[in-house]
1. Among the residues of the stretch 66-93, how many are open to solvent by 60 Å² or more (accessible area, probe 1.4 Å), under 15 Å from Phe20 (Cα atoms) and part of a loop (DSSP other than H, G, I, E, B)?
2. Working only within the stretch 141-168, note down all residues that are among the polar types (S, T, N, Q) and surrounded by 15 or more Cβ atoms within 10 Å (Cβ to Cβ).
3. Report, by residue number, each residue of the stretch 50-65 that is open to solvent by less than 60 Å² (accessible area, probe 1.4 Å) and in a loop (DSSP other than H, G, I, E, B).
4. Which residues, taken from the stretch 35-46, are touching a residue at least 24 places away in the same chain (Cβ under 8 Å) and out of contact with any Leu (no Cβ under 8 Å at 6 or more places or on another chain)?
5. Regarding Ala18, is this residue more than 30 Å from Leu153 (Cα to Cα), hydrophobic (A, V, I, L, M, F, W, C), open to solvent by 30 Å² or more (accessible area, probe 1.4 Å) and outside any strand (DSSP E or B)?
6. Which one is modelled with the lowest pLDDT among residues in the stretch 103-123 that are surrounded by 13 or more Cβ atoms within 10 Å (Cβ to Cβ) and over 20 Å from the mean Cα position of the chain (by Cα)?
7. Any idea which of (1) open to solvent by less than 80 Å² (accessible area, probe 1.4 Å); (2) in contact with a helix residue (DSSP H, G or I) (Cβ under 9 Å, 6 or more places away or on another chain) is the one Asn46 doesn't satisfy?
Amino acid sequence: MSSRKRKRSSFKEVCLLARFSLLPHALDDVRVRIFASLQEELIRYNVVAGGVPIKFFDVGLAPGSKHGRIHWNDPHIFVNVRVKALLFSPVVDQILVGKVNKVGVDYVGLLVHSLFNASIVDQDLGTSYAFDQNTETWKSKDDDDNVIKVGTLLSFRLKSFDHADGIL
């Protein structure tokens, strides 16, 4: 048995329960209407799910549901749905890899999985790097060949993340 820690993926598959409110005209094809609503949620941070949905699949009625319901005089039909989702769900202290897409005097900007922005502020680059204004790169003080520039792949430890208006 190996004592090596297993690397945690920043992706996870989850099963979600959701309630959709459909107007009567949506009854022509309920599956298409629900799928269209789910598509609007892709690549937007979902607080309940705890991540960013990348893909939805295996959509069906929630357990115990046989049809939609109408409540009182509300014209909407409420449909309870079970759906599986692939989420981008990193955790603090996880190692991620990003491709540098911007270099500034006080930060390095990265693109993680070609979808998500990340940034490393100058204090987190430590004392081993210094910004070179002539080349607009971060250069290692110990190794002249170690340069952070646009296009560099960089491993980093996630210290925190924020989300606002669905953007991670």
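1. Residues meeting the conditions: 5.
2. Kept after step one, since they are among the polar types (S, T, N, Q), are these residues of the stretch 141-168: 146, 152, 155, 160.
Answer for the stretch 141-168, where residues must be among the polar types (S, T, N, Q) and surrounded by 15 or more Cβ atoms within 10 Å (Cβ to Cβ): just Thr152.
3. Gly50, Ala62, Ser65
4. Kept after step one, since they are touching a residue at least 24 places away in the same chain (Cβ under 8 Å), are these residues of the stretch 35-46: 35, 38, 43-46.
Those that are touching a residue at least 24 places away in the same chain (Cβ under 8 Å) and out of contact with any Leu (no Cβ under 8 Å at 6 or more places or on another chain): Phe35, Leu38, Arg44.
5. Taking the combined requirement at face value, the residue does not satisfy it.
6. We begin by selecting, within the stretch 103-123, every residue surrounded by 13 or more Cβ atoms within 10 Å (Cβ to Cβ); these are 103-104, 107-113, 116-120, 122.
Those left that are additionally over 20 Å from the mean Cα position of the chain (by Cα): 103-104, 107, 122.
Details: Val103: 96, Gly104: 94, Tyr107: 95, Asp122: 91.
Taking the candidates together, the pick is Asp122.
7. Asn46 satisfies all of (1) open to solvent by less than 80 Å² (accessible area, probe 1.4 Å); (2) in contact with a helix residue (DSSP H, G or I) (Cβ under 9 Å, 6 or more places away or on another chain) except (2).
The values are calculated or read from the model by the stated rules, or taken from the named source; none is laboratory data. All of these numbers come straight from a predicted model, not from anything done at the bench. Cβ: placed from backbone, ideal geometry, glycine included. Neighbour counts: every protein chain shown. In case anyone asks, the SASA skips ligands and DNA or RNA and just uses the protein heavy atoms, side chains included. Shrake-Rupley method; radii C 1.70, N 1.55, O 1.52, S 1.80 Å.
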